[in-house]
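What follows is a set of notes on a single structure, which appears directly below.
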Amino acid sequence: MSRLFVYGTLQSGQPQGALLAACSRVPASTRGQLYALPAGYPALVPGGTDQVFGQLVEPVDERLLGVLDHYEGVAEGLYRRVEVEVDVGLRRQVAWTYVMDHPESRGGLRLPDGRWRGVVRR
């Protein structure tokens, strides 16, 4: 079983949050830059000193990660699944997340506060 850091459409209350409905979630953050893409979803570039805020989701099994890889377009090269350090309160943990190379080349606009505010479902 694995952990997954989500920061966009997979967060609870977002369009694809139901894919992870059976998992527990806690607020979390990681180092990186967050971009809003014109297609209506965010992209994370890991590293640096800025914070990106989201949720740490667990447990996530390999089968579910395969479904998420398909959803995130890993085979097509849209996103890559990588491990990052995630801060949960005072603890630091390692988790998978989905990152994009050069989101600005896809029209991405940097979100300096590190928070994606996409569609909110009620």
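The values are calculated or read from the model by the stated rules, or taken from the named source; none is laboratory data. Note that this is a predicted model, so its numbers are computed, not measured. Protein only, heavy atoms only, side chains kept; ligands, DNA and RNA dropped before computing areas. Shrake-Rupley method; radii C 1.70, N 1.55, O 1.52, S 1.80 Å.
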Subject >> For the chain, accessible area per residue (1.4 Å probe, heavy atoms of protein chains only), Å² >> reply: 55
Original post:
What percent do you get for the relative contact order of the stretch 12-122 when only Cα pairs under 8 Å and 6+ apart count?
Top reply: 36
**OP:** Return the carbon/sulfur percentage of the accessible area of the stretch 37-96, one whole number, probe 1.4 Å, all protein chains in place.
**Re:** 55
**OP:** Select one label from [x] 1.04; [y] 0.98; [z] 0.92: the one whose number is Rg/Rh (Cα atoms, Kirkwood Rh) as derived from the coordinates shown.
**Re:** [z]
**OP:** Using only protein heavy atoms and a 1.4 Å probe, report how much of E62 is accessible, in Å² to the nearest 10.
**Re:** 120
**OP:** For R91, tell me the accessible area in Å² from a 1.4 Å probe, rounded to the nearest 10.
**Re:** 130
Original post:
Amide H to amide H, which residues 5 or more places from S2 or on other chains are under 5 Å from it, using H placed in the peptide plane?
Top reply: V60, D61
